[in-house]
Structure formats: structure tokens, C-alpha cells
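Heads up, the thing below is written out as C-alpha cells.
The values are calculated or read from the model by the stated rules, or taken from the named source; none is laboratory data. These numbers come from a predicted model, not from an experiment. Heads up, the Cβs are rebuilt from the backbone with ideal geometry, glycines too, and the neighbour counts pull from every protein chain shown. The area values use the complete protein model at the heavy-atom level, side chains included, leaving out ligands, DNA and RNA. Shrake-Rupley method; radii C 1.70, N 1.55, O 1.52, S 1.80 Å.
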Amino acid sequence: MVQWTVTAINEAIEKDLKGFAAASEDNYTDQVMAVAMQIRNVREERPFILVSGPSGSGKTTTALRIETLLDDWDCETATVSLDNYFLPHDAGELPLDETGDPDYESPDRLDIELLQKHLKAIYRCEPVEVPRFDFATQSRLPGDILKRRRGELLLIEGIHTLNPHVMGDCLDYATDVYVSVEDEIVTKSGAVVTPAKLRLMRRLVRDRLFRGSDVDNTLERYLSVSRGERSHITPFSLNAEERINTFLPYEFAVYGGLLRDVVEKLPEDIAELVREISPVPASVSPIDSLVREVCGGSIYEY
């Protein structure tokens, strides 16, 4: 883990913002490329790719970047999201969190039986209809037919893709990738903004812009989400063969500018960071950056 200081970040922004952002992006890109190359090298014996990470980790962008690289290298890759295997509202008794809301961090919220049946069929190159989950209505909708061809790769993205209880036998023929923020930022007073809190900053911005959830709602859900991560996600990160640190040193200056109007509602450590960091526009980020997953303007569809 690397500790960055607000002072060092601000100095880098003032000296050369474009160069600082580009160097941050290059470090992340190098990691993604190294993992994609490893996947390509073992694609015959491991045609499945499992990408996991906690909320706000950047796993969706990372999965899409890996898929793009593999496709560019003539390693055709299809992607499936575990989110589409959530059980619908009428499936019976479903796990709830301590507030009585649906507990999306629990693996028991997934239709594990259907998922494992589909994964076995996909591995055998048999067609399946991958469902589509509608979060607004909490219902399962008809999806698209997926039929893997011999030699084609399947990338599966979701918070539980490293959990043997969820994934079953497919772990035997998969490359496991864990994605998260690994570094932290120290404010001028010495307060440490942990990786978990930096991921929360991503969520706070993304939820306000694209998910119709204000700061209060996101923070209200944070304790439940964190508890679920500790119970159901982080323990299985040790199973990952590959890890990608999605920390981009300049990105929190982007989010800081977008959170200043609600700084009084933020946890004190995040609020201190937002007050101290020099704001920069999201336009400094390339259109395939994970920053665009948070702020918009990406070439990818989420």
C-alpha cells in the first residue's frame, strides 16, 4: 500500500495536470494489460475469466478494458454480469440487510442453481439464455442467447465471482482477478482516507449523477455495504491469482470538485480531503478511464 498526501497531489496538479493524469492512467493501463496477457497465455486451459471486487472498485471498467484488449488480440471474449442472476422479488424469502432493504452483498441473493447450470452449459459450448435483471422492478426479464464457441473466452464480472459456493466447478478452469483500491491519501491534519473511503467517494459521485441516490441515501447504505464486503467479498480476495490496483492519484481531485456542494454531509475524513484537494475537471480523463464510469462520458456502456 502506498500513502499519498494531499500536498503531494496538489503539487503534481499545479506542476503538470495533464502529465500527472496521464502517468496515473498509464500505471493502471499497464496492470490491465499485464493481466490480459496472462489470460491470453492460458486461454486454452482456462477459458473463463472471473473479475471480482468490492463496490466502487472499478471492476466493471477493468472487465471491459480486459475484454477490449483480448478482442483486439483476436481472443474473442463474451461478458456476463452476475447482477443479472439476482433472484426476483417473487422468488420467496430473500436476504435483507439490517435496515430491511434487499441485501445485494449477500451471495444468497443470487440464483446460484441457475447460474451454475448456465456456466456448465456455456463451458460445454451449449446455448443458454442469460437473464436480465431489472433493479427498478426487482424482476427477471428475458435476456439474450449466449453460445460460446470453441476457443472463445467468457468473462464473468461481479462481487461474488471468487466465491466457490457461488461459482462451483468453473473455478477449476478460470483465471481469477481481484480489483480494488489499494492506496490511501493522508490529509494535511494527518487523517488517513482509507481505500474503503476512497471507493465510497466514487460511489457518492456516481450515485448522485446516475443512480438517483443522494448523499444521505448512499451513506445510509454504506454500513450495510461495508459489512457485506467484509463477510462475503474480501475473504475470497486471497484466492485471486491476479490483482489490479485501480487507485488513480489524480481522480480524487475530480471527485472533490463534484462533492464540494455537499461537503457538510460527508464523513469528516472525506470532507477534509474534499476541502483540501485542488479540484480538476473530469475532462482531463481519457474516455476509456474508470473515472468516466464514475463521472460519465465513457466509451463504454454501464
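Quick look at the values:
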| item | result |
| --- | --- |
| Residues that are open to solvent by 20 Å² or more (accessible area, probe 1.4 Å), assigned to a loop (DSSP other than H, G, I, E, B) and at pLDDT 95 or above, drawn from segment 241-252 | none |
| Unique match (being crowded, with 18+ Cβ neighbours inside 10 Å, at pLDDT below 95, aliphatic (A, V, I, L, M) and closer than 20 Å to D172 by Cα) among V80, V51, V35 | V80 |
| Test: residue in segment 288-296 that is open to solvent by 10 Å² or more (accessible area, probe 1.4 Å), under 22 Å from D97 (Cα atoms) and in contact (Cβ under 8 Å) with a residue 40 or more places away in the chain | no |
| Any chance A271 is open to solvent by less than 40 Å² (accessible area, probe 1.4 Å), of a type in the set (G, A, S) and farther than 22 Å from E220 by Cα | no |
| Residues of segment 148-207 classified as open to solvent by less than 30 Å² (accessible area, probe 1.4 Å), closer than 15 Å to F236 by Cα, in contact with a Pro (Cβ under 7 Å, 6 or more places away or on another chain) and not hydroxyl-bearing (S, T, Y), total | 3 |
| Of the criteria (1) farther than 16 Å from G58 by Cα; (2) small (G, A, S); (3) in contact with a helix residue (DSSP H, G or I) (Cβ under 8 Å, 6 or more places away or on another chain), which one S224 fails | (3) |
| Checklist (1) under 20 Å from the mean Cα position of the chain (by Cα); (2) open to solvent by 20 Å² or more (accessible area, probe 1.4 Å) applied to Y255, failing item | (2) |
| Candidate set from segment 83-110 (those that are open to solvent by 30 Å² or more (accessible area, probe 1.4 Å) and of a type in the set (G, A, S)); member that is farthest from P47 (Cα to Cα) | G100 |
| Cβ-Cβ under 6 Å pairs, at least 6 apart or on other chains, segment 5-30 side surrounded by 13 or more Cβ atoms within 10 Å (Cβ to Cβ), far side among the acidic types (D, E) | V6/E276 |
